[in-house]
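The values are calculated or read from the model by the stated rules, or taken from the named source; none is laboratory data. These numbers come from a predicted model, not from an experiment. In this analysis, Cβ positions are derived from the backbone assuming ideal geometry, glycine residues included, and neighbour counts consider all displayed protein chains.
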Amino acid sequence: MSEPLVMGIETSCDETGVGIVRGTDLLADEVASSVEEQARYGGVVPEVASRAHLEAMVPTVQRALDEAGVTLHDLDGIAVTAGPGLAGALMVGVGAAKAYSLATGVPLYGVNHLSAHIAVDTLENGPIPEPSIGLLVSGGHSTIMMVEDLAGEVSQLGASIDDAAGEAFDKVARLLGLPFPGGPYIDKAAREGDRAFVEFPRGLTAAKDMERHRYDFSFSGLKTAVARWIEAQRAEGKDIPVNDVAAAFQEAVCDVLSRKAILAAKEQGVETLLLGGGVAANSRLRSMAVERAERAGLTLRFPKPKLCTDNGAMVAALGSHLVAAKAEPSAMNFPADSSMDVTVVSLADKLD
Ligand code: KG4
Ligand code: ZN
């Protein structure tokens, strides 16, 4: 077989993403988002997301096929996010992928959203050296992963013990009166702000925490510190300098994320660090990681911002990697698994 042609379907949260890749070439990346409907509620309402996926699913697949200039019958594989994510939202993508697979006989791969966030980097920077360390930072996860084999073996070195990094961005944005989802708005506001305006706490970096939680993160204390600071200002009748608070908060998050990821790579003797997930689109995280990785003598890789946030191309990229590695397709009866474990890259061929 020449390079595998794979379609990826992503519906774990509020974007209906359909991507098509051949090998590591991106042929189509169509995303329909319900974020504008969600913004009214200041967060993602699961039922609204599921309904929007149902409406967008078939037209988005059609647009991606047209864009790539291929038909369903040309495909060598269909990959779909099986988890983690919102149960009802995942079910729409999983149901659609099963229907397309059954109707065409194209093998089906139920894959992990988090591994897909790592795999997407292959579309821009080519095959991922194994092992690599992955810093996966999204709305639901902040994880340091050891990627031994992207077609099979990944393990977790550390993770957030409370809020995910993206969640902290979204909550602090709300405190600052910025729209949802807050990450991109904080990123933008911070460009005009003073990073050293306030020294917000760096969670789990004290010596005793580094013993027990060396590669773990904690962002809820930081969020509370920002909330308290804002309250104290308001109590004194002062205005909130949004750009400065955004910059100082962002600095605290990016400092801990990049510091611990680089420490993990160095201590584990791994030369490549990969950034993935929505927060990896953050301009300060990227620039700080570039500087620190260079100083540590590590190779740093990350995809362009559009491929960091949820999309179908990342699922297709992981699917293509699995087909090329001759991984077994998934059994047709696999479930959508809202709490799928980070170490499971794709679902097995047989279910008990
Ligand atoms: O990976 P993703 O699109 O969805 C999940 O799998 O959760 O990540 C979404 C998260 C949101 O919390 C959003 O605010 C954050 O990524 N995000 C950012 C930026 N762009 C998206 N956070 C900081 N800076 C950004 N530029
Ligand atoms: Zn994601």
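Taking LEU263 as the residue in question, decide whether it is away from ligand 1 (no atom under 14 Å from the Cβ) and in contact with a helix residue (DSSP H, G or I) (Cβ under 6 Å, 6 or more places away or on another chain).
Working: away from ligand 1 (no atom under 14 Å from the Cβ): yes; in contact with a helix residue (DSSP H, G or I) (Cβ under 6 Å, 6 or more places away or on another chain): no.
For LEU263, the condition - away from ligand 1 (no atom under 14 Å from the Cβ) and in contact with a helix residue (DSSP H, G or I) (Cβ under 6 Å, 6 or more places away or on another chain) - is not met.
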- Task: For ILE240, state whether it is over 25 Å from SER132 (Cβ atoms), of a type in the set (Val, Ile, Thr) and under 19 Å from the mean Cα position of the chain (by Cα).
- Result: no
- Give the residues of the range 273-287 that are surrounded by fewer than 21 Cβ atoms within 10 Å (Cβ to Cβ) and in contact with an Asp or Glu (Cβ under 9 Å, 6 or more places away or on another chain), sorted by residue number. SER283, ARG284
- VAL111 being buried (at least 21 other Cβ atoms within 10 Å of the Cβ), more than 12 Å from ligand 1 (Cβ to nearest atom), outside the structural domain of ALA248 (by TED's automatic domain parsing) and more than 12 Å from the chain's Cα centre (by Cα): yes
- When you look at VAL253, is it assigned to a helix (DSSP H, G or I) and closer than 23 Å to ASP121 by Cα, yes or no? yes
- Item | Filter result for the condition that a residue is modelled with pLDDT of 95 or more, assigned by TED's automatic domain parsing to the domain that holds SER160 and in contact with a His (Cβ under 6 Å, 6 or more places away or on another chain), over GLY269, GLY276, GLY221, GLY237 | GLY276
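This table checks each residue for (1) buried (at least 22 other Cβ atoms within 10 Å of the Cβ); (2) within 25 Å of the chain's Cα centre (by Cα); (3) within 13 Å of ASN333 (Cα to Cα).
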{"site": "VAL70", "(1), (2), (3)": "no, no, no"}
{"site": "GLY88", "(1), (2), (3)": "no, yes, no"}
{"site": "VAL92", "(1), (2), (3)": "yes, yes, no"}
{"site": "ALA97", "(1), (2), (3)": "yes, yes, yes"}
{"site": "LEU102", "(1), (2), (3)": "no, no, yes"}
{"site": "VAL106", "(1), (2), (3)": "no, no, no"}
- Query: Has the range 22-39 got any residue that is touching a His at 6+ places or on another chain (Cβ under 9 Å), outside the structural domain of GLY182 (by TED's automatic domain parsing) and either touching a residue at least 24 places away in the same chain (Cβ under 8 Å) or surrounded by fewer than 16 Cβ atoms within 10 Å (Cβ to Cβ) (or both)?
  - Reply: yes
- Name, by its number, the condition in (1) closer than 18 Å to SER283 by Cβ; (2) of a type outside the set (Lys, Arg); (3) more than 19 Å from the chain's Cα centre (by Cα) that does not hold for GLU130. (1)
- Flagged in the range 293-343 as among the polar types (S, T, N, Q) and either within 13 Å of ligand 2 (Cβ to nearest atom) or surrounded by 21 or more Cβ atoms within 10 Å (Cβ to Cβ) (or both), in numbering order, are THR309, ASN311, SER320, SER330
- Look at the range 105-124 and say how many of its residues are part of a helix (DSSP H, G or I) and within 14 Å of ligand 2 (Cβ to nearest atom). 7
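Residue-wise test of (1) closer than 23 Å to LEU322 by Cα; (2) surrounded by fewer than 17 Cβ atoms within 10 Å (Cβ to Cβ); (3) modelled with pLDDT under 95.
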position	(1), (2), (3)
ASN125	yes, yes, no
MET146	yes, no, no
PHE169	no, no, no
PRO181	no, no, yes
PHE200	no, no, no
- Flagged pairs (Cβ under 8 angstrom, 6 or more apart or on separate chains; first in the range 235-255, under 10 Å from ILE186 (Cα atoms); second among the aromatic types (Phe, Trp, Tyr) and buried (at least 24 other Cβ atoms within 10 Å of the Cβ)) are GLN250/PHE169
